[in-house]
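Down below is the structure, laid out as structure tokens.
Please treat every number below as a calculation from the coordinates, not as lab data. Note that this is a predicted model, so its numbers are computed, not measured. Note: ideal-geometry Cβ built from the backbone for every residue, glycine included; neighbour counts use all protein chains shown.
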Amino acid sequence: MPVKRVEKTPMPERDAVLRSHDFGEVNEGYGMAHAQFEAERCLRCQDAVCIDGCPVRVPIPEFIHEVAKGDMRSAAEILRSSNPLPAVCGRVCPQEVQCEEACSVGIRFKPVAIGYLERFVADWEMEQTDIDITANLNRDEKVAVIGSGPAGLVCAGELARLGYPVTIFEALHAPGGVLRYGIPEFRLPKDVLDWEIEQLKKLGVEIQCNIIIGKTLTMDQLMGEMGFKAVFIGTGAGLPSFMGIPGENLNGVYSANEFLTRVNLMEANDFPNADTPVMVGRRVAVIGAGNTAMDTVRVALRVGAEQGLVVYRRSVQEMTARVEEHAHAIEEGVEFHWLTNPVEILGDEDGWVTGLRCVRMELGEPDDSGRARPVPIEGSEFVIPVDNVVLSIGNKPNPLLLQTTKGLEANKWGCLVVHDGSSETSKEHVFAGGDAVTGAATVILAAGAGKDAAAEIHQDLSAATR
Amino acid sequence: MAKILEKRRLTPITQLYKIDAPLVAKAAKPGQFVILRVRKGGERIPITIADYDREAGVLTIVVQEVGTTTRYMGQLGVGDEILDLVGPLGMPLEIPAEGHIVGIGGGFGSAALLCLMRELRARGDTTTIINGAREKDLLILNEELTEVCDNLELCTDDGSAGFHGLVTDRLQQLIDGDGPGRPDSVVAIGPMPMMRAVTETTRGAEIPTLVSLDPLMIDGTGMCGGCRVTVNDEVKFACVDGPFFDAHQVDFEEAVRRNKMYVRQEQESKDRSECMKLAVGQD
């Protein structure tokens, strides 16, 4: 019987002062006792609305029930059969606006900690030595996946499970896409990511790094001489936006992508043992208030900044970052400047950043996004002295593939056009999903798109052979 | 991984490498570059493609050993593997004006003229290369460059070979009608001060000029935005929009300043790589 308890079982966390100086994981994860204690709270609803809240439709009550019973092996099986990246999703999904928002317990109490339980099950599986995943590639049709971010990994995993030989092509020297270059170790340890990718390889997924489709090979080569019968494009949104304000090319100004890539992918936190440096002064201002901005400002603290600031033109209500990430940032001493719009980055005579000229804002009528539009308050300009500015105001899809692929349609923002309710692009047997289609969104939405596309590719190829 | 098939020293700090990289060699066009990484924890650095043999699947690059990664690279020998090599990156060079095209190479930059001038000559242009260096021993690839163009002009600051003076002095003479005559188009690849001087030389004469910018870069695919340069008052990413730009529109001052962003760290890293003699080519 479910147990009524108002509060979630809290996630054990490392001390904020200690953790803000290293890259160790912030959340320590449940133990078995925590997990069973929390799993008891699930009502096992007949009409499990939490599943509707999950982009990859994990059978949530089923796996949680197995945790409550203590049958971890079954829990792990159920989880993995529906989500090829459970250890990742259990860490980085915004559950509070997905499964947990839908959770029936949440109507009166705090919802069941579905995300924490997902992570617990995946972490358990990671420690087992006797769980054997074997490849069973019984289909002849080769499928190419472009990009090894969450959309590509999930799509490839699903296709491999369906028996297709899949090759992922990755532009960088290591797989994972934004999971590797974007999300820092304190939220998603590289070991965890490596393990997830290892599981996909065991399923038979092949990953070729250092190959850029659109440059090294063209789409036509893939589908022609190389013999791939279908292609999934999961190239993400990897073209950073800048504000277009004066001073953006001063020394000490970064895009969040560059700043995070230097640390997460190139290990600049270990300079000079690693060869790539990152330049961090005493005070670092991050512009924007999404999850990437939170990651960026917290990384800045960990690579030596004395003060991390977040500068956002809207208020805390309109912030797009997860509540947990915001809370962690506050605990770590990040200073938030809400309703503050940067208008110029100031520099010294040698071209180095010295400050950020801002104007105060107030909230007006709702804009196109439904959020209150920030309006500048006249005469409210002021300067925040800073040594670095990192812009975290979003990304556009990468144009490299479009430049060389005929018949692939994109909209005016560079997002690939897909048929309504599908992942089919304008090109036959070519599918797309994730940020490359939607513009910058979340890991789990990309994963969901990858999973849906895999089902469509399966249908497409099955129809073709009939 | 990409295997080094041949290696040749051109100057005390410059070496030429022929690399087994069939996919890159097949796709490469003049003006593009590759990004390579030679050890775990190593940087990703852009290197201009000097030449390619599509049939043999061989890529030629010339590397000047000035920083940590290029020095590690220098320690690799024939048969060793380059840990990561990706490309071709950047936009292929497009030279609009047909006619007399002058390619100017300074120092190891001349290497990139190999494939470029060969292709231009093949399409029917008259091609001149001005190969410049401080002194005779630092001039590279004279033999190879002779083969790919109609006129090879050597130029040394000290007069130890060819024309005695700067490449821009010789360029001015050409513009004035000397030798192979006034260029219809100029392409310059080399150190920033040299490219800047070329730009000023052709500006007054209104000769279309392209220069190859080499800002700091990480991924080379437009993802980091670290390589932004200002051209015609617009911000461009050198990795996807370049690396060649209309010289007369380039904000050189900014480009030079941005390239010096990590001077202190680069020195620290270099000093360390020298004394530690870390293993290279290992993952």
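Here are a few things to note about the model shown:
- Spin-label pair A:V417/B:D137, simplified geometry with 7 Å Cα→Cβ offset, distance in nm: 6.3 nm
- Partners of B:K260 within straight-line reach, counting lysines whose Cα lies under 17 Å from its Cα and excluding those fewer than 8 residues away in the same chain: B:K270.
- When the GluC sites (Glu not before Pro) in segment A:272-369 are filtered for DSSP coil states and for at most 15 other beta-carbon atoms within 10 Å of their beta-carbon, the remaining sites are A:E306, A:E349.
- Taken residue by residue and averaged, Cβ atoms of other chains lying within 10 Å of the Cβ of B:33-43 number 4.
- Between B:A205 and B:E98, the FRET efficiency from the beta-carbon distance, with R0 = 25 Å, is close to 0.90.
- For residues of A:203-216, the mean tally of beta carbons on other chains within 10 Å: 4
- Average beta-carbon neighbours from other chains, 10 Å sphere, peptide A:269-281: 6
- Centroid-to-centroid separation of segment B:224-260 and segment A:366-384 [C-alpha atoms, Å]: 32 Å
- Based on alpha-carbon atoms, the Kirkwood radius and the radius of gyration of the protein assembly as shown give Rg/Rh equal to 1.00.
- 13 Å Cα-Cα reach of A:K190 towards aspartates and glutamates, excluding residues that sit fewer than 8 places from it in its own chain: A:E25, A:E198, A:E267
- Segment B:100-212 - charge dipole about Cα centre, Lys and Arg +1 at Cβ, Asp and Glu -1, debye rounded to 20: 260 debye
- Once C-alpha pairs closer than 8 Å and six or more residues apart are averaged by separation and normalised to the residue number of segment A:242-393, the relative contact order reads 29 percent.
- Candidates B:A27, B:A111, B:A50, ranked by Gaussian network fluctuation over chain B, Cα under 10 Å, top entry: B:A27
- Listed cross-link partners B:K3/B:K26; A:K8/A:K110; A:K142/A:K406; A:K406/A:K427; A:K142/A:K201 are compared with a 18 Å cut-off, the Cα-Cα value being larger for A:K142/A:K406.
- Förster radius 22 Å - calculated FRET efficiency between A:D191 and A:E13, Cβ distance, rounded to 0.05: 0.70
- In loop segments of segment A:6-80 as defined by DSSP, the GluC sites (Glu not before Pro) with at most 15 further C-beta atoms inside 10 Å of their C-beta are A:E7, A:E28.
- Look at the dipole of chain A built from charges on Cβ: of A:I107, A:L153, A:G370, the Cα furthest out on the positive end belongs to A:I107.
- Tilt relative to chain B, helix B:192-205 - C-alpha long axis, 0 to 90 degrees, to 10: 20 degrees
- Cα centroid separation, segment A:1-44 to segment B:1-62 (Å): 51 Å
- Proxy reagent accessibility, fewest Cβ within 10 Å first, across A:I330, A:I213: A:I330, A:I213
- Between B:R182 and A:E409, the FRET efficiency from the beta-carbon distance, with R0 = 60 Å, is close to 0.85.
- Mean Cβ count within 10 Å, highest first, over the residues of peptides B:173-179, A:285-291: A:285-291, B:173-179
- The label point for B:D251 and the one for B:V66, both projected 7 Å from the Cα toward the Cβ, are 2.2 nm apart.
- Part-to-part distance (alpha-carbon centres) for segment A:278-303 and segment B:167-198, which is given in Å: 45 Å
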